[in-house]
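Remarks on the structure that follows.
Values in this text are rule-based calculations from the coordinates and carry no lab data. In this text the structure is predicted, and so the values were computed from the model without any measurement. Cβ atoms come from the backbone with ideal geometry, glycine included; neighbour counts cover every protein chain shown.
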Amino acid sequence: MKHIKLLSIIILMAGLTACEKDILYDDIAPEPLLVVNGLQHVGEPARLCVEKSSFVIHAERDFRVKDVRADLYVNGVFKESLQVRDSLIMETYGIWSEDPDSILTEERLRCAFNYCEGTYLLCEGDELRFEVSSSEFDKVAVVETKMPYAPNVISFDTVRIVENGDGYGEKNIYFSLKIDDPAGKDYYNLRPLDGLEGFISNDPVFSDFMDIVHVDDLFGQEDYYGRGSYNLFNDSYFDGTQYSVSMRVNFYADNYPEPFTVEVSRVDENFYRYKKSLNLYQENDDEILGLFTEPIQVYSNVKNGVGVVGAQSRPVTMTIDLTEN
């Protein structure tokens, strides 16, 4: 009886082995897409990064495409063809290089791409259209955006300074940034500069970018920890009215030798939607929280291609000297 069972198992395993089939990744890899990215700034020339997409398994580093042409139209009229050159990004320092061949030997180099830059200085209210082509792709990639106007910031004030009572001398310093918002959909960016970098806020305007780091946070309101260059919010709570955005910082000293400085600017809807979808995508990548969410498609506004081209206004700089409080 035991021999019959053993023979049955051997036959079953042989049958399963016979059903095996090698699947080559190259057979299922999607065709490359033309990728166009760039954040345009008022008062600066247009800049684009142009490259081609790559199947994730391939782990390529050279994303350059041949015979790139990038044309800029402003308010429906052709303005210029951007100058195109090859560029590299150094992984360690984020430095651009113009030595594309070194990518084959220098391990610190992360990737190669086509870099495009114009000469016309972009103005508030300019309606932009980029048409990007390459001999490697049949269709022309088209992307449109509009340069935002600078925000109308009324004031930036210290609201109060509160002792934490933890015995270590920590204080919470509360600030209020008052904005006069025009009618219509607007998107803002708050960037801390020198002095006390970063901030904490539970203001509802930041709810689209609240970081959910624990399962428990799914059932409560998590603070937003503002860091880096992009702390975005929209005017859903104050469209067409004045609004005071609240934030706070922590400090472990009796005096405050440095000012607290922030830049306030407007961004276009394209960049806001891209950053929002990217934030959701990164949250979904969490080992635990990802089990409860559906896949997120990162936003793109490039026709006949993929990527995002957004726009940002001139920043308004606001500073508070904390030594006077």
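How much length is gained if the chain between Glu127 and Ser53 is pulled fully straight, taking 0.36 nm per residue apart and subtracting their Cα-Cα distance, in nm to one decimal?
Values: separation 74, 0.36 × 74 = 26.64 nm, distance 2.73 nm.
Length gained between Glu127 and Ser53: 23.9 nm.
If the limit is 18 Å between Cα atoms, which of Lys52/Lys275; Lys52/Lys79; Lys66/Lys146; Lys66/Lys139 go over it? Don't skip to the end; give the middle numbers.
Numbers: Lys52/Lys275 21 Å; Lys52/Lys79 25 Å; Lys66/Lys146 28 Å; Lys66/Lys139 14 Å.
Violating the 18 Å limit, Cα to Cα: Lys52/Lys275; Lys52/Lys79; Lys66/Lys146.
When each of Tyr252, Tyr230 is scored by the number of other beta-carbon atoms lying within 10 Å, the sequence from fewest to most is Tyr252, Tyr230.
Ranked by the mean number of other Cβ atoms within 10 Å of their residues, highest first, the peptides 71-78, 302-309, 314-321, 37-44 fall in the order 302-309, 37-44, 314-321, 71-78. Label-to-label distance, Lys303 versus Ala183, with points set 7 angstrom from Cα along the beta-carbon direction: 3.0 nm. Here the gap between Tyr73 and Glu263, fully extended at 0.36 nm per residue and compared with their Cα-Cα distance, gives a gain of 65.5 nm. For the pair Asp62 and Glu44, label points projected 7 Å from Cα toward Cβ lie 2.9 nm apart.
Extending 7 Å from Cα along the Cβ direction at Arg160 and again at Arg227 yields two label points whose distance is 2.9 nm.
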